[in-house]
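What follows is one structure encoded as structure tokens, with my remarks underneath.
The values are calculated or read from the model by the stated rules, or taken from the named source; none is laboratory data. Quick caveat, the model's predicted, so the values are computed rather than measured. Using ideal geometry, Cβ is built from the backbone for each residue, glycine included, and neighbour counts are taken over all protein chains shown.
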Amino acid sequence: METAVNPTPRTAIVTGAGTGIGRAAALALLADGWQVALAGRRAEPLQQVAAESGAGARALAVPTDVADPAAVQALFDRVVASFGRVDLLFNNAGLGARAAPLEELTAEQWRAVVDVNLNGMFWCIQAAFRVMKGQSPQGGRIINNGSISAHAPRPHSIAYTATKHAVTGLTKAASLDGRAYDIAVGQIDIGNAATDMTTRMAAGILQPNGQLMEEPRMDVALVGQSVLYMANLPLSANVLFHTVMATRMPFVGRG
């Protein structure tokens, strides 16, 4: 059965929506009555999320490679054609290289992470600005998925960490550039949400002192609720940076 629908539903685009954090955010938005375009490289997981949500036509699966600017433009064109506007972009798609000493990282591995985590995030911000500046009423919200890795990196994570530092720069610059157009840009930094990507943390993950340690994780649905909170603010208010993390994970201080 389809969930309750807002009489005038707002429209969101969620990248990386087929799994993990993107899936949790998309389901939270759909349950709250949003129209959501589910973007990701593989069609099947997007269609599974759409079906699971029970949201019917409010869930639109759009296979998209965010590293391709033409594909990103096609995504936004499809959403505007289907829903009329874009009120929210959850800029979530991300990629990590294998954990290895930085001198062993190949050029292809480095470029793959930069292409998704930095370039792809920029293409999505750029496309969102074009739509949000031109629509009536003007404006919208962009939430970038950063990482606490930008504050405290893990060993052997230079590509991921560097790009997440860059996301913070994108957030600050876009927030400034969006002010005049009622485009609110913020960032969510997430620590140890329970997804397939963090399964290894439950088994023991390398610490800066060389030891392996099991790390606590939190329910990924809590991240979805954090995104929903940020999304539902009026455009006169903005959460510039929001950190949500497993309380007992090693991050603050010396771990």
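Being of a type in the set (Ser, Thr, Tyr) and in a helix (DSSP H, G or I), is that true of even one residue in region 14-33? First the steps, then the outcome.
So in region 14-33, the residues of a type in the set (Ser, Thr, Tyr) come out as 15, 19.
Then keep just the ones that are in a helix (DSSP H, G or I); that gives none.
Scanning region 14-33, I find no residue that is of a type in the set (Ser, Thr, Tyr) and in a helix (DSSP H, G or I), so the answer is no.
List pairs: first in region 24-40 and among the polar types (S, T, N, Q), second part of a helix (DSSP H, G or I), Cβ under 6 Å, 6+ apart or cross-chain?
What qualifies is 35/58; 35/83.
Six or more apart or on different chains, Cβ under 6 Å: which pairs go from a residue in region 217-237 that's in contact (Cβ under 8 Å) with a residue 24 or more places away in the chain and buried (at least 16 other Cβ atoms within 10 Å of the Cβ) to one that's part of a helix (DSSP H, G or I) and of a type in the set (S, T, N, Q)? Could you list them?
Between residues of region 217-237 that are in contact (Cβ under 8 Å) with a residue 24 or more places away in the chain and buried (at least 16 other Cβ atoms within 10 Å of the Cβ) and residues that are part of a helix (DSSP H, G or I) and of a type in the set (S, T, N, Q), the close pairs are 217/198.
Can you name every residue in region 88-139 that is polar (S, T, N, Q), closer than 28 Å to residue 29 by Cβ and part of a loop (DSSP other than H, G, I, E, B)? So that I can check it myself, show each step before the final result.
Narrowing region 88-139 to residues polar (S, T, N, Q): 91-92, 106, 109, 117, 119, 126, 135-136, 138.
If we keep only those that are closer than 28 Å to residue 29 by Cβ as well, we get 91-92, 117, 119, 126, 135-136, 138.
Within region 88-139, 92, 135, 136, 138 meet the criteria.
The rows are residues; the columns are (1) surrounded by fewer than 19 Cβ atoms within 10 Å (Cβ to Cβ); (2) assigned to a helix (DSSP H, G or I); (3) at pLDDT 95 or above; (4) out of contact with any strand residue (DSSP E or B) (no Cβ under 9 Å at 6 or more places or on another chain).
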{"residue": "142", "(1), (2), (3), (4)": "no, no, yes, no"}
{"residue": "160", "(1), (2), (3), (4)": "no, yes, no, yes"}
{"residue": "170", "(1), (2), (3), (4)": "no, yes, yes, no"}
{"residue": "184", "(1), (2), (3), (4)": "no, no, yes, no"}
{"residue": "187", "(1), (2), (3), (4)": "no, no, yes, no"}
{"residue": "190", "(1), (2), (3), (4)": "no, no, no, no"}
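Which one of these is hydroxyl-bearing (Ser, Thr, Tyr), buried (at least 17 other Cβ atoms within 10 Å of the Cβ) and out of contact with any Phe, Trp or Tyr (no Cβ under 7 Å at 6 or more places or on another chain): 53, 82? Don't jump to the end; show me each part of the working.
Details: 82 fails: buried (at least 17 other Cβ atoms within 10 Å of the Cβ).
It is 53.
How about region 36-50: which of its residues are assigned to a strand (DSSP E or B) and surrounded by fewer than 20 Cβ atoms within 10 Å (Cβ to Cβ)?
Just the residues of region 36-50 that are assigned to a strand (DSSP E or B), to begin with: 36-40.
Result: no residue meets the conditions.
Just a yes or no: is a residue in region 118-130 of a type outside the set (Phe, Trp, Tyr) and over 25 Å from residue 223 (Cα atoms)?
The first filter runs over region 118-130 and keeps only residues of a type outside the set (Phe, Trp, Tyr), leaving 118-121, 124-128, 130.
Now restrict to residues that are over 25 Å from residue 223 (Cα atoms): 130.
Scanning region 118-130, I find at least one residue that is of a type outside the set (Phe, Trp, Tyr) and over 25 Å from residue 223 (Cα atoms), so the answer is yes.
Across region 172-182, what is the total count of residues that are out of contact with any Lys or Arg (no Cβ under 8 Å at 6 or more places or on another chain) and surrounded by fewer than 17 Cβ atoms within 10 Å (Cβ to Cβ)?
Restricting attention to region 172-182, the residues satisfying the condition of being out of contact with any Lys or Arg (no Cβ under 8 Å at 6 or more places or on another chain) are 172-180, 182.
From the residues that got through so far, the ones that are surrounded by fewer than 17 Cβ atoms within 10 Å (Cβ to Cβ) too are 172-173, 176-177, 179-180, 182.
Going through region 172-182 one residue at a time, the tally reaches 7.
Looking at region 215-227, is at least one residue of a type in the set (Ser, Thr, Tyr), closer than 17 Å to residue 242 by Cβ and at pLDDT 95 or above? Walk me through it before giving the result.
Step one: list which residues in region 215-227 are of a type in the set (Ser, Thr, Tyr), which gives 226.
From what's left, closer than 17 Å to residue 242 by Cβ: 226.
Subsequent filtering for residues that are at pLDDT 95 or above retains 226.
Yes, region 215-227 contains at least one residue that is of a type in the set (Ser, Thr, Tyr), closer than 17 Å to residue 242 by Cβ and at pLDDT 95 or above.
Right, residue 202: at pLDDT below 85, more than 14 Å from the chain's Cα centre (by Cα) and of a type in the set (Gly, Ala, Ser) or not? Give the steps one after another, and end with the answer.
On the way: at pLDDT below 85: yes; more than 14 Å from the chain's Cα centre (by Cα): yes; of a type in the set (Gly, Ala, Ser): yes.
Answer is yes for this residue.
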